[in-house]
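The values are calculated or read from the model by the stated rules, or taken from the named source; none is laboratory data. Predicted model only: the values in this text are computed from it and were never measured. Every residue, glycine as well, gets a Cβ built from its backbone with ideal geometry; the counts of neighbours run over all protein chains shown. Surface accessibility is based on the protein's heavy atoms, side chains included, excluding ligands, DNA and RNA. Shrake-Rupley method; radii C 1.70, N 1.55, O 1.52, S 1.80 Å.
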Amino acid sequence: MIFNNPEYITIVVLSAIAVALILYLIFRSPFDYPYFVHQFDISGKRNPCIEDWIDEFIIDGNFYLIQLHNEKIKRWKNDCERKIDKSILKNYRNDQFQKCLDDKNAFCFMFVRMQTRYHQHNYVKTPYKVSQVVSEYSYDYTYLLSRNNLLKSIDYEMPLRKYYSKNQRKLMTKELREKVILRDNYTCRICGKYMPDGVGLQIDHIVPISKGGKTVLSNLQVTCSKCNGHKKDKLEY
Ligand SMILES: [Zn+2]
């Protein structure tokens, strides 16, 4: 019997594997979306805010990297379309191409922390660093472009969040201060201390400016210096 011939079985198995491999190579997607990936080393930083890091990245003159990459994506798309045109599996390839497009998440930024680990060999410890991804954020080109334009409008002076909070502080006028004091009747809204002479009386942002709080009547309250001090400890550290 031919099926008992071990050489024959080997040939059948090997050809089956070869055919499967060829089919896999033909039908798998040849498209690989070119993501922009940038890592920020946040070792030793507390509560890093991604917007600030991206702003600093742009302020440091790196927006051209983002522009270059955006051009690269455009060229890549053109190349793909040309290949699809030439392909005999045109519709199939086009589906694969469309599925692989991911412009919304084209620009990926990662927070990484460096960790020190050790090799141990014959009682000798050698330190080495490994980076660990803490979080990932993806943006499209439009977002980064508008970020760049906003930063440009303030001469790349500082991150936007910082700029806006600085302006919020400027909005605290003498008139607004008096309105808050009158509304709260010279009384600390946290402990109830009455300060009719105004000594030790402070105006506090209920939602802190650093967290997006605005300098408006509804977000302001009277506190005594003691309560204000406690509040700062809790919110900022
Ligand atoms: Zn108080």
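A few points about this structure:
- Put simply, of 153, 210, 165 the only residue that is among the small types (Gly, Ala, Ser), in the same structural domain as residue 74 (by TED's automatic domain parsing), within 29 Å of the chain's Cα centre (by Cα) and at negative phi is 153.
- Summed over segment 187-236, residues that are near the ligand (Cβ under 10 Å from one of its atoms) and either modelled with pLDDT under 85 or assigned to a loop (DSSP other than H, G, I, E, B) (or both) total 11.
- Pairs where the first residue, in segment 43-59, is more than 11 Å from residue 160 (Cα to Cα) and open to solvent by less than 30 Å² (accessible area, probe 1.4 Å) and the second is not charged (D, E, K, R) and not in a helix (DSSP H, G or I), C-beta under 7 Å, 6+ apart: 50/109; 50/137
- Selected residue (criterion: farthest from residue 89 (Cα to Cα)) from residues of segment 10-53 that are in contact with a helix residue (DSSP H, G or I) (Cβ under 7 Å, 6 or more places away or on another chain) and in a helix (DSSP H, G or I): 52
- A count restricted to segment 60-76 and to residues that are open to solvent by 50 Å² or more (accessible area, probe 1.4 Å) and not hydroxyl-bearing (Ser, Thr, Tyr) stands at 8.
- Scanning segment 123-135 for residues that are surrounded by fewer than 13 Cβ atoms within 10 Å (Cβ to Cβ) and small (Gly, Ala, Ser) turns up at least one hit.
- Matching residues in segment 80-102 - criterion: being open to solvent by 70 Å² or more (accessible area, probe 1.4 Å) and not aromatic (Phe, Trp, Tyr): 81, 82, 83, 85, 86, 88, 90, 91, 95, 98, 99
- Any chance residue 137 is part of a strand (DSSP E or B), closer than 30 Å to residue 49 by Cβ, touching a strand residue (DSSP E or B) at 6+ places or on another chain (Cβ under 9 Å) and at pLDDT below 95: no
- Enumeration of residues in segment 144-156 that are charged (D, E, K, R) and touching a residue at least 24 places away in the same chain (Cβ under 8 Å): 147
- Summed over segment 174-216, residues that are open to solvent by 60 Å² or more (accessible area, probe 1.4 Å) and farther than 30 Å from residue 53 by Cα total 18.
- Pairs linking a residue in segment 163-185 that is farther than 20 Å from residue 196 by Cβ to a residue that is open to solvent by 90 Å² or more (accessible area, probe 1.4 Å) and outside any helix (DSSP H, G or I), with Cβ atoms under 7 Å and 6 or more positions apart or on different chains, are 163/157; 168/214.
- Any pair with Cβ under 6 angstrom, 6 or more apart, that starts in segment 94-112 at a residue that is outside any helix (DSSP H, G or I) and ends at one that is open to solvent by 60 Å² or more (accessible area, probe 1.4 Å) and among the aromatic types (Phe, Trp, Tyr): 108/35; 109/137
- Hits in segment 47-90 (condition: among the polar types (S, T, N, Q) and either more than 20 Å from the chain's Cα centre (by Cα) or under 17 Å from residue 33 (Cβ atoms) (or both)): 70, 78, 87
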